[in-house]
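Peer 1: Got a structure for you, questions after.
Quick note: the coordinates plus some simple rules give every number you see, no bench work behind them. Given the structure is predicted, the values throughout are model-derived calculations rather than measurements. With ideal geometry, Cβ positions are generated from the backbone for all residues, glycine too; neighbour counts draw on all protein chains shown.
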Amino acid sequence: MLRQSVAAVVAAVALVGARNRSAEGFRNVGVARSGRARPDRCQSVGKLSASPMEKFMSGLEKMMTGPQLEGSMDTPQEQEQQEEPQDMSAFRESLIRQSRKDSLKKKEEFTGYDMYDLIVDKFDVPYDVQINKTVWMGKPVLCFNIMWKHLGQSSFPLSEQEYLEHLQALAELLMEWDRVDQFKRSLAETKKRPQSYFGYAVALPLDLDPDTMVDYFDDSYF
C-alpha cells in the first residue's frame with residue numbers, strides 16, 4: 001500500500017512537470033516569434049534537470065527504491081507482523097534440531113552391543129535372539145525368544161558381525177516401541193535357561209498392542 005501511494009504521487013508530479021515543460025516550450029516558441037533570442041535546447045534541459053520539481057521527484061524515487069523505506073516508514077505494528085513469520089520459522093527450526101538431538105540420544109541409549117552384554121552377563125553365552133508371536137488367553141503376544149543356539153557353535157548360521165547386526169536391529173525395535181526397560185527387566189528376572197537338548201527357548205514377552213504388531217509384522221512374518 002505504501003509503495004503504491006508513493007508511486008501514484010510520483011506519477012502525478014511527473015504529469016504536472018510534463019505540463020509545465022510543455023507550457024515552457026510554448027512560451028519559448030512565442031518568444032522566438034517575437035524576435036527575442038530563445039535559449040539553447042541543451043541549456044533548457046540543464047535548467048529543467050536542476051529544477052526543484054525534478055529534485056522532488058528524484059527524492060521520491062530514492063525513497064521508493066532505497067532500503068530505508070520499510071524500516072523508516074512502517075509502523076511498529078507492521079514491523080511486528082513482518083518479523084513474526086521469521087521468528088516462528090526460527091522457532092520451528094529450533095524445535096526440529098532439538099527433536100533430532102533427542103532422537104539421536106535415544107538411539108544411543110541401547111545398542112546391539114548392549115544387548116550382547118546383557119545376554120552374556122545373564123547366561124555366560126551369546127545366545128541367539130528371535131522374535132516370536134504367540135497367543136495367550138486369546139490375545140496375540142510378541143516375545144523376544146532367547147534361543148538355545150549361540151555364537152561360536154559350528155551349526156550357528158551367523159558370523160560375529162552378522163550376529164551383532166542382528167542384535168542391533170532388535171535393539172532398535174525395542175527403542176522404537178519404548179520397551180528397552182521391559183526387556184532388561186524380564187531378562188534379569190527370568191530363572192529359566194535355554195536348553196539345547198530339548199530345543200527350549202526362554203520367552204520374554206513384550207506388552208505391545210495388536211495394532212503395533214500389525215504395523216511392523218504381517219502374519220506371513222511368523
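Peer 1: Filter the stretch 131-170 for residues that are of a type in the set (S, T, N, Q) and either surrounded by fewer than 14 Cβ atoms within 10 Å (Cβ to Cβ) or more than 14 Å from Ala203 (Cα to Cα) (or both) and give the result.
Peer 2: Answer for the stretch 131-170, where residues must be of a type in the set (S, T, N, Q) and either surrounded by fewer than 14 Cβ atoms within 10 Å (Cβ to Cβ) or more than 14 Å from Ala203 (Cα to Cα) (or both): Thr134, Gln153, Ser154, Ser155, Ser159, Gln161, Gln168.
Peer 1: Go through the stretch 161-199 residue by residue and tally those that are more than 17 Å from Asp121 (Cα to Cα) and either among the basic types (Lys, Arg) or in contact with a Pro (Cβ under 6 Å, 6 or more places away or on another chain) (or both).
Peer 2: 1
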